[in-house]
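Working notes for the structure below.
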Amino acid sequence: MRAPVVILGCGYTARRLRGFEQPPLAFSRSIEGLAEAGFYPVEWDAAAPDAAIRLAREVPQGATVLYSVPTLRLAGGGLEEPAPRLLPALEGRARRLVYISTTGVYGPAHAVDETTPVNPQTERQRLRVAAERAVLAGSWGALVLRSAAIYGPGRGAHTSMRDGRYKLVGDGSGYISRIHVDDLAALVRAALDSDLTGAFPVADAEPCSQLAMAQLVCELTGLPMPGRVAPEQADETRRGDRRVDGRAIRRLLGVELLYPSFREGVPAALAAEA
């Protein structure tokens, strides 16, 4: 029998994974609902002093690993990328490692595809690149999925607009690429079963402006248009103007999108919440 899949950081995307022969070992700080969703929960905190020791002891030999641990925010307000600290514990144990990264590593690039080099500009982006390098330097077969903004039930522009948190940056003309969580989960699932290596951007088939997204949400929900904020006042993840071409990884993994654009994905998310 093959060693089970191991998920390190079982959050929003990882919890949508399905179709395993046996329940994956899900190492997570929050294990509520994991057993009911078909996982074998292991309570684990990536920030704990013994986090790496536990991985070396509890990850089965020959495991296929999904690394989905986010950058950690420290008590003093700083950031830590735990991958360089944790991943050495998997040497000699992991056969395959898939990492969910972010298109933020491309920095100010306006057009991104599989040939675009990383160009980190902020501390958070540099830490993500460091995590990618730790993943790609391991003895396992490694695949990095650089995901565009993830949305779906309970997460995305429609929820932040509903909560009054969504603001258009400038005139709202900046483009943001996205991927529905179920499409990302399908790509991750295929990646775990494949032998493909390297790093690829992940996005749906239609980047859209912030304004177009807001207009659609208003049309579907009856919410008022959101206010505006100057670019320097917006979170760094929303200041960019980036169009991501994710066709290469979809072709290589043989995955077709359930939600090719926000026009299909947002209504589906709203229906799922209802």
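The values are calculated or read from the model by the stated rules, or taken from the named source; none is laboratory data. Not measured: the values here are computed from a predicted model. No Cβ is skipped: glycine too gets one built from the backbone with ideal geometry, and neighbour counts run over all protein chains shown. In case anyone asks, the SASA skips ligands and DNA or RNA and just uses the protein heavy atoms, side chains included. Shrake-Rupley method; radii C 1.70, N 1.55, O 1.52, S 1.80 Å.
Computed quantities for the displayed model
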quantity: The lone exception for R146 - which of (1) of a type in the set (D, E, K, R); (2) part of a loop (DSSP other than H, G, I, E, B); (3) modelled with pLDDT of 95 or more; (4) out of contact with any Asp or Glu (no Cβ under 7 Å at 6 or more places or on another chain) it fails; calculated: (2)
quantity: Residue ID - nearest to V5 (Cα to Cα), chosen from residues in the stretch 48-88 that are among the small types (G, A, S) and open to solvent by less than 20 Å² (accessible area, probe 1.4 Å); calculated: A63
quantity: Residues being within 15 Å of A131 (Cβ to Cβ) and of a type in the set (S, T, N, Q) - total across the stretch 43-71; calculated: 2
quantity: The stretch 140-159 residues that are farther than 20 Å from P260 by Cα, paired with ones that are open to solvent by 20 Å² or more (accessible area, probe 1.4 Å) and assigned to a helix (DSSP H, G or I) (beta carbon under 8 Å, 6 or more apart); calculated: A142/L136; V144/L136
quantity: All positions within the stretch 35-64 that are touching a residue at least 40 places away in the same chain (Cβ under 8 Å), among the small types (G, A, S) and over 11 Å from R85 (Cβ atoms); calculated: G62, A63
quantity: Residue identified as of a type in the set (K, R) and in contact with a Gly (Cβ under 8 Å, 6 or more places away or on another chain) among R124, R146, R155, R162; calculated: R124
quantity: Long-range neighbours under 7 Å by Cβ, at least six apart or interchain, first residue at pLDDT 95 or above within the stretch 240-259, second among the aromatic types (F, W, Y); calculated: R243/Y175; A248/F200; I249/F200
